[in-house]
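As structure tokens, the structure follows; a few thoughts come after it.
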Amino acid sequence: MSELRIDDLHKSFGGTVALAGADLAVAEGEIAAVLGPSGCGKTTLLRCVAGFERPDGGSITVAGRRVEHLPPQSRRIGVVPQEGALFPHLSVDRNVSYGLRGAGRTGRVDEVLDLVGLGGYGRRMPHELSGGQRQRVALARAMAPRPELILLDEPFSALDAGLRQSLRGEVAAALRADGATAVLVTHDQDEALSLADRVAVMRNGRIVQVAPPAEVYGCPVDPWTASFVGEAVWLEGEVAAGVAETVVGDVAVEGPDGPARLLLRPEQLRFGDGPPNATVSKVEYFGHDALVTLEFEGGVSLRSRVLGRPPVAGQPVAVSVDGPAHGFER
């Protein structure tokens, strides 16, 4: 059973088309990420599901109930906005309990604060918290009423890079521990790939691919998706019997035979001990890894991602391909 189902959703603002027939299904207990560039329609999609915008056509079903005609408060959907939007005059526990009813509200507040790693913070005020802590309070507030669905709208965008990386793991763990169904909207590829069970790639108002993160990264549906989801290394080749002869040597190819554009990821280009077939022209060092630009015969330039100590500019190197390329018809 799909906890969320979006069918043929359309939305325009004047002459601008934001959604052009978007389709998406999210299973109960699943964390899905809607990933796309600015202007692709992902925020409009979220706002239509939340009830902040009324779609022009199509349907939205949550837990088996059509909701596109209902006001936001009747949809049983929790929303975590970009910057938390806590009530500044209310303590943490009163922020989290806002909207809760019944005798068990105190116990539920304590439960969700523990889930987000803020047990014992209930008496604090929002201004006493860090940015990451405020976002965790916002998540706890969304989780507290046990909604059918939780929507997260670029929830880490206002945080610095190091905090984003640690917090997204904590958020995913809290959602899974509570059995929540969630949809994360983001333009950050690392965020989507590391946090979600499935990634929905969006372009020009449509969902173009929905798959587990490893499949979206390793077997993208088209060259645009390949270049958007991670760094792409492109080779031209003629595929015969699943193999293409390239400047890097023979490469196994997943895809049809014939003229093809071959997709590799930078980490697939490996250095070995054989005869040199490339020269290092540039090294971009990041500490944990490095991007190495390689020059091959015929003016072909490719980039490799290297862990550990990289080679130096001007050094001849032996380069081979680890694993198959993904081929697209040319």
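Bear in mind that the values in this text are calculations on the coordinates, not laboratory data. None of these values were measured; they are calculated from a predicted model. Cβ: placed from backbone, ideal geometry, glycine included. Neighbour counts: every protein chain shown.
Where the centroid of each part is defined by its Cα atoms, how far is the range 188-226 from the range 82-115 in Å? Between the Cα centres of the range 188-226 and the range 82-115 lies a distance of 33 Å. Derived scalar couplings between HN and Hα for the range 286-302 equal 10, x, 6, 7, 8, 9, 10, 8, 10, 10, 10, 4, x, x, 7, 10, 10 Hz in order, rounded to whole Hz, by the Karplus curve 6.51 cos²θ - 1.76 cosθ + 1.60 (θ = phi - 60°), x for Gly and Pro.
For the chain, a Kirkwood hydrodynamic radius built from all Cα pairs, placed in the Stokes-Einstein relation at 4 °C and 1.567 mPa s, yields a translational diffusion coefficient of 59 µm²/s.
Pairs of alpha carbons in the range 49-134 separated by more than 17 Å make up 58% of all such pairs.
Could you give the angle, 0 to 90 degrees to the nearest 10, between helix 105-115's Cα long axis and the longest principal axis of the Cα atoms of the chain? Computed tilt is about 20 degrees.
Placing +1 on each Lys and Arg Cβ and -1 on each Asp and Glu Cβ, with no other charges, gives the chain a dipole about its Cα centre of roughly 1680 debye. Summarising the label geometry, the points placed 7 Å from Cα in the beta-carbon direction at Asp257 and Asp197 lie 4.1 nm from one another. Rounded to the nearest Hz, the phi-derived 3J(HN,Hα) couplings of the range 202-211 under the Karplus curve 6.51 cos²θ - 1.76 cosθ + 1.60 (θ = phi - 60°) are 10, 8, 6, x, 10, 8, 9, 7, 10, 6, where x marks glycine and proline. Relative to the longest principal axis of the Cα atoms of the chain, helix 161-177 runs at roughly 60 degrees.
Were the residues from Asp114 through Thr279 laid out at 0.36 nm apart, the gain over their Cα-Cα distance would be 54.0 nm.
When the Cα atoms of the range 171-323 are aligned to their principal axes, the ranges along those axes come out at 55, 40, 25 Å in descending order. You can think of it this way: the chain between Ser301 and Ser320 has 5.4 nm of extra reach, that is 0.36 nm per residue less the Cα-Cα gap. Ranked from largest, the principal axis spans of the Cα set of the range 115-234 equal 54, 30, 23 Å. A simple rule links phi to the HN-Hα coupling: the Karplus curve 6.51 cos²θ - 1.76 cosθ + 1.60 with θ = phi - 60°, which for the range 320-328 gives 9, 10, 9, x, x, 8, 9, x, 10 Hz, with x for Gly and Pro.
Annotation: amide H-H contacts under 5 Å for Glu53 (H modelled 1.01 Å from N, sequence separation of 5 or more, or interchain): Cys48.
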